[in-house]
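What follows draws every value from the coordinates through simple rules; no lab data is involved. The shown structure was predicted, so the numbers you read here are calculated from the model rather than taken from an experiment. FYI the Cβ positions are ideal-geometry reconstructions off the backbone, even for glycines, and counts take in every protein chain you see.
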Amino acid sequence: MSAVDTAALTNPRARRRILLRKRLLRRPLAVEPYLITLTADSDVFPLFQHEGIEFIYMLEGEVGYRHGNRTYVLTPGDSLFFDADVPHGPDELRKLPIRFLSIITYLREGG
C-alpha cells in the first residue's frame, strides 16, 4: 500500500473524496469543461449541434451567442443553459477578446 493510500485510509476527508471520485467514474454521465478564447485571429466558429446540455459562463468580452433562431448578447457574468442538440455557437464577436467557460454534459454510451 502506498503512502497516499495509507493517508487516505487514516484521513476521513481524503477517503470521502476518493470514494466520491470512484462513484462518479462509474456513472453514465459525462461532463466536459472547456475554456474558450476568441480573438481577432480566431477562425470563424461553425454552429455546433451535439447530444446533451451545455452551460456557458462569460468571463470576458461580449458575444452574440446563437441558439436555434435566437441570439443572446452575453457579457461577463452572464450565463446560458440550453439543449445542445439545437444548432448553437458564437455568432457575433462584439468585444474582443472573448473568454467563456463551456460545460457540456451528456450520457455516456451504454449508460
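Summary table
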quantity	calculated
Efficiency of FRET between Leu107 and Asp78 - r from beta-carbon atoms, R0 22 angstrom, step 0.05	0.20
Arg27 versus Gln49: modelled label distance in nm, points set 7 Å from Cα along the beta carbon direction	2.9
Nonlocal amide H pairs with Gly52, under 5 Å, H built at 1.01 Å	Ala84, Asp85
Cut-off 12 Å (backbone N to label point 7 Å along Cα→Cβ of Tyr34), residues of region 43-74	45-51, 54-56
